[in-house]
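Report on the following structure.
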Amino acid sequence: MPIWPGSRVKPLWNPISSAPLDHALEVQVADGFGCYALKFPCRLTKSGWVNAETNTALAVEPIAWRPRANRR
């Protein structure tokens, strides 16, 4: 089922191994509390995952990704 532009339905998570370089993405992480999406966009660089807003390295390793929903 396609996801239409402006839709509130979010696409399914993709394997982290398929994440594109240098794109702001929504990422999912896991810890002792469970799996959840980070509240800020992240970007995969040649050096690893960073917060796309601050350009600082993530302290956690993402397990999945999906395109970011359009923000207004």
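Remarks
- Across the stretch 20-64, the number of residues qualifying as β-branched (Val, Ile, Thr), out of contact with any Lys or Arg (no Cβ under 9 Å at 6 or more places or on another chain) and at pLDDT 95 or above comes to 5.
- Taken over the stretch 34-52, the criterion of being in a strand (DSSP E or B) and of a type in the set (Phe, Trp, Tyr) is satisfied by Tyr36, Trp49.
- In the stretch 53-66, the qualifying residues are those that are within 10 Å of the chain's Cα centre (by Cα) and part of a loop (DSSP other than H, G, I, E, B), and the one that is farthest from Trp13 (Cα to Cα) is Pro62.
- Taking the criterion of being exposed (fewer than 11 other Cβ atoms within 10 Å of the Cβ) and touching a residue at least 12 places away in the same chain (Cβ under 8 Å), the only residue of the stretch 36-53 that qualifies is Lys46.
- Flag if Ile16 is at pLDDT 95 or above and surrounded by 12 or more Cβ atoms within 10 Å (Cβ to Cβ): yes
- Restricted to the stretch 22-33, and to residues there that are part of a strand (DSSP E or B) and either among the charged types (D, E, K, R) or over 12 Å from the mean Cα position of the chain (by Cα) (or both), the residue that is nearest to Gly48 (Cα to Cα) is Glu26.
The values are calculated or read from the model by the stated rules, or taken from the named source; none is laboratory data. Since the model is a prediction, treat every value here as computed from it, not as a measurement. When we count neighbours, we look across all protein chains shown, and the Cβ atoms used for this are built from the backbone with ideal geometry, even at glycine.
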